[in-house]
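**Q** Quick one: this structure, given as structure tokens, is what I'll be asking you about.
The values are calculated or read from the model by the stated rules, or taken from the named source; none is laboratory data. Remember, it's a predicted structure, so these values are computed and weren't measured experimentally. Here the Cβ positions follow ideal geometry from the backbone for every residue, glycine too, while neighbour counts run over all protein chains shown.
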Amino acid sequence: MFFGRLINRKLQRRGETLIQESSRLMARAAKLLSEIVAAMASEDAAQLSALTKKIITIERQADTIKDELIEEVLTKRAYLKQSAQDRYELIIRIDKILSRIEHSARLMEALHVELTERKKQLFNELSFQVSDTVIKLQEAIENLWVDYKKAQEITREVEEKRESARKVFYNLLKAIKMDEISNKSSFLVLMAESLIQVAVSAEVGADHVRAIIIRSY
């Protein structure tokens, strides 16, 4: 009876729904980020602005979901302490990824410059790898409380995707250094760094998912 009073199944279901909604928004924003890079590469300022606004809207929607999870679920004793802490940390990590995606989008909208064909190719390749890393994290979260084994396997794919993204990132830095050292190159490094940090944050999120799985066995 004591534990029954601590656990509210209806709130738990609402909590899982909110986390999944937030992770899906994260994946949607990641897909848009690769579109932003494509728009930057093609020097389409109008598309850059429109896509950036979409990402900002998504980030605000996710903020609302995060606030509801914390204020209306986690503080209402829907879970035991460790489970509540796990979910709090997970939603914060999702929020950080979305913030990094928004930051990257805003940088590219503000600082976009003409790119050589080689840099266009590398920026596009990097954005696809970064987007895939985040999407894989979303898949792991989707399976987290359904199929622990599958979720754990996907977290390893997140790590592999991040490693692939990092290789492209360093190739891009080499291309930037080879072509020019100027204010323009500084802008390009900032934009590239903002992209790889999205993938790094996704890998950190995957590590947290793995920790939740370990504690659940």
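**Q** May I ask you to verify whether residue 74 is in contact (Cβ under 8 Å) with a residue 40 or more places away in the chain and closer than 18 Å to residue 128 by Cα?
**A** no
**Q** What are the pairs with Cβ atoms under 6 angstrom where one residue, in the range 163-188, is farther than 21 Å from residue 134 by Cα and modelled with pLDDT of 80 or more and the other, located anywhere, is surrounded by 12 or more Cβ atoms within 10 Å (Cβ to Cβ) and basic (Lys, Arg)? Sequence gap at least six, or different chains.
**A** 175/118; 175/119
**Q** Using the structure shown, decide if residue 140 is part of a helix (DSSP H, G or I), of a type in the set (Gly, Ala, Ser) and at pLDDT 95 or above.
**A** The answer is yes for residue 140.
**Q** Okay, moving on. Considering only the range 66-85, state which residues are crowded, with 20+ Cβ neighbours inside 10 Å and in a helix (DSSP H, G or I).
**A** Of everything in the range 66-85, those that are crowded, with 20+ Cβ neighbours inside 10 Å and in a helix (DSSP H, G or I) turn out to be 69, 73, 74.
**Q** Follow-up. Only one of 41, 62 is surrounded by 14 or more Cβ atoms within 10 Å (Cβ to Cβ), in contact (Cβ under 8 Å) with a residue 40 or more places away in the chain, more than 28 Å from residue 215 (Cβ to Cβ) and among the small types (Gly, Ala, Ser). Can you tell me which?
**A** None of the others qualify; the one that does is 41.
**Q** Another one. Being at pLDDT 95 or above and aliphatic (A, V, I, L, M), is that true of even one residue in the range 74-89?
**A** No, the range 74-89 contains no residue that is at pLDDT 95 or above and aliphatic (A, V, I, L, M).
**Q** Still on this structure: Just for the range 10-24: of the residues that are surrounded by 20 or more Cβ atoms within 10 Å (Cβ to Cβ) and not hydroxyl-bearing (Ser, Thr, Tyr), which one is farthest from residue 137 (Cα to Cα)?
**A** Among those residues, the one meeting the criterion is 15.
**Q** Another question, then. With respect to residue 55, is the statement that it is over 20 Å from residue 129 (Cα atoms), assigned to a helix (DSSP H, G or I) and among the aliphatic types (A, V, I, L, M) true?
**A** no
**Q** Scanning for something over 19 Å from residue 190 (Cβ atoms) and either surrounded by fewer than 16 Cβ atoms within 10 Å (Cβ to Cβ) or touching a Lys or Arg at 6+ places or on another chain (Cβ under 8 Å) (or both), does the range 96-110 turn up at least one residue?
**A** No, because not a single residue in the range 96-110 is over 19 Å from residue 190 (Cβ atoms) and either surrounded by fewer than 16 Cβ atoms within 10 Å (Cβ to Cβ) or touching a Lys or Arg at 6+ places or on another chain (Cβ under 8 Å) (or both).
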